[in-house]
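J.: Take this structure first; my questions come after.
Here, each number is a calculation from the coordinates, and none is a lab measurement. Just so it is clear, the structure is predicted and the values come from calculations on it, not from any experiment. Note that each Cβ is placed from the backbone with ideal geometry, even for glycine, and that neighbours are counted across all protein chains shown.
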Amino acid sequence: MEAIMRGEAAPDENFRANLPAEEKVLNEFAQAAQAPPQEHAIASIAEAHRPRLTLMATQLAELERLLGKTERLSRWQDVRVGLREIASTYSPIRFPGLPEWKRAQFAAQKTRELLTLRKGETRLPLSHLLDRTASSPLAMVFPFEQMLGELGLGSGAAPVIGLSPQVVMGDIGVLRFAVAHQLGHLLESLGGQPTFTCTLLVKDDKLLSGEGERFANAFAVYLLAPLDEVQQLAGAYPRGKDWYWDAAQDVAATFGLSPRVAMTHLLNCLEESNAKQMLDTFRSDSRWWQYREDVRDHVESAWDDERRDLRERVGDLPDNNVQEALRRPRSATFEQFVSEASERGMLEPSTVDDLRVA
């Protein structure tokens, strides 16, 4: 076969008979296309897109310094010290035998304290989370449509969090989880972990993730919905046959979680020994679809200001096409800084044009 492809030999009369049937080839190709990409492939492609985030973080910082608006950068210098201490305290090196979800739970609890959230204060708005961590959200098109988001850190810059248009405009619970998840990766990077390339995909509220996402997943959900508060909320429900449905819906609305994450987190917080089997049973139940719709309606109503605030920060969302996958991420803050620097004569017109069309 290789000799024929190189033009060094000609096919004989038996060549076609030995080839696989066209239908078989097409079926195998279709099956491969439908299968979720492997974690290492996701990481490799996501890493290739990281320069966009790094460049955006660096240019935002340069514009902030140029305009004398360094309050966010100063805030990052302060909070980075606290986050690094948390990352070091709950690193896998210091607690080699502790499960990742438990390390993440402790780290999330300390992070909530760092964010000046008092014990028992349940509501954690995205605006507070982003402001206190000096993180700037961006809208960008990713190589995989189901990609949740990605984190970027530039030299001398504060963090940026890239979010896909689907996440920004989709389930608010997933949107909140996406931001908190990237902050989990931020902790890992500050703790000296070798990589924080995100390989998490989301399809129909189902998280498709590998081993490298365990800490960030657990950190996100315990940051948004602390163990004690979930247990206290669930404890108010009488233990009837179907009480899980109502309790999970309340957990979702109270903490701003997606339907699947709320039910999973409730089972884990109650330390159900067969949580995975119970979740599978719930998802196969005829009531699951109604539960999903009810949760999304309640979360949308209780947290309707979340998306509005985020849209103001990222500005116009990019179209989901190949061209946008190569362009600079969208940021209303960036556009505002470029316009202000242009009006004050701090940037050459050609530089302004380049920044706006990049």
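J.: Using modelled amide H (1.01 Å from N, peptide plane; none on Pro or chain starts), what sits under 5 Å from the amide H of S164, excluding residues fewer than 5 places away?
T.: When sequence neighbours closer than 5 places are left aside, the close amide H contacts are M140.
J.: Each residue of the stretch 274-289 in order: what ³J(HN,Hα) in whole Hz does its phi give by Karplus 6.51 cos²θ - 1.76 cosθ + 1.60, θ = phi - 60°, with x for Gly and Pro?
T.: Per-residue couplings from phi come out as 10, 4, 5, 5, 5, 5, 4, 5, 4, 5, 8, 6, 5, 7, 4, 5 Hz.
J.: If you don't mind, another one. Read phi for every residue in the stretch 129-138 and hand back ³J(HN,Hα) as whole Hz from Karplus 6.51 cos²θ - 1.76 cosθ + 1.60, θ = phi - 60°, with x for Gly and Pro.
T.: Whole-Hz 3J(HN,Hα) from phi for the stretch 129-138: 4, 5, 5, 5, 9, 6, 9, 10, x, 10.
J.: Within the stretch 307-336, what residues put their amide N at less than 11 Å from the label point 7 Å along the Cα-to-Cβ vector of L67?
T.: Residues 332-336 qualify, since their backbone N sits under 11 Å from the label point.
J.: Could you calculate the contour length gain from E348 to R313, that is, 0.36 nm times the residue separation minus the distance between their Cα atoms, to one decimal place in nm?
T.: Gain in length upon complete extension: 10.1 nm.
J.: For the stretch 40-311, give the magnitude of the charge dipole about the Cα centre (Cβ charges: +1 Lys/Arg, -1 Asp/Glu; no others), in debye to the nearest 20.
T.: 600 debye
J.: Which order do the peptides 249-262, 126-139, 76-89, 218-231 take when ranked by the mean count of other beta-carbon atoms within 10 Å per residue, highest first?
T.: On the way: 249-262: 24.6, 126-139: 20.8, 76-89: 16.4, 218-231: 22.4.
Per-residue mean Cβ counts within 10 Å order the peptides as 249-262, 218-231, 126-139, 76-89.
J.: Further question: So what are the ³J(HN,Hα) numbers for the stretch 253-262, from phi and the Karplus equation (6.51, -1.76, 1.60; θ = phi - 60°), rounded to whole Hz, Gly and Pro as x?
T.: Once θ is set to phi - 60°, the couplings for the stretch 253-262 become 5, 5, 10, x, 10, 6, x, 5, 4, 4 Hz.
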